[in-house]
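Data first, discussion second: the structure below is written as structure tokens.
The values are calculated or read from the model by the stated rules, or taken from the named source; none is laboratory data. Since the model is a prediction, treat every value here as computed from it, not as a measurement. Note that we place each Cβ from the backbone using ideal geometry, even for glycine, and neighbour counts take in every protein chain shown. Just the protein is used for accessible areas: all its heavy atoms, side chains included, with ligands, DNA and RNA removed. Shrake-Rupley method; radii C 1.70, N 1.55, O 1.52, S 1.80 Å.
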Amino acid sequence: MIKHIVMWKFQPGTEAEQRQFLDGLRDLFGVIPQIREQEIGVNTLPGNYDAVLVSTFDSVEDLAAYKNDPRHQAVSALCRAIRTDRVAVDYEV
């Protein structure tokens with residue numbers, strides 16, 4: 001199993017787009033079959049990253065399929081337009 005964790009910082013004034021992006025991510029669960037588990041959180045304390053995605057995949061190949069899925073690519077395009085920073089970690093569990 002592969003755990004995929006991504007955190008983002010967003011541009012100020014993009015709150016509507018942030019909600020659209022995070023809702024778009026949530027909507028991928030159950031649609032892209034490779035996603036086994038998914039949790040999305042919004043930071044409640046100032047000064048940290050703004051949001052996080054924690055998801056689980058059966059294999060590195062399934063993670064790659066998710067990343068390359070056109071539905072994920074569409075959601076990611078919105079994120080790229082509003083983020084100021086992104087960090088990610090993928091590890092085996």
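The table that follows gives values for the structure above.
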quantity	calculated
Pair list, Cβ < 6 Å and 6+ apart or interchain, from segment 73-86 residues that are under 13 Å from F10 (Cα atoms) and in contact (Cβ under 8 Å) with a residue 24 or more places away in the chain to residues that are open to solvent by 20 Å² or more (accessible area, probe 1.4 Å) and not in a strand (DSSP E or B)	I82/Q11; I82/E17; T84/Q11
Cβ-Cβ under 6 Å pairs, at least 6 apart or on other chains, segment 15-32 side farther than 17 Å from Q73 by Cβ, far side open to solvent by less than 30 Å² (accessible area, probe 1.4 Å) and outside any helix (DSSP H, G or I)	Q18/F10
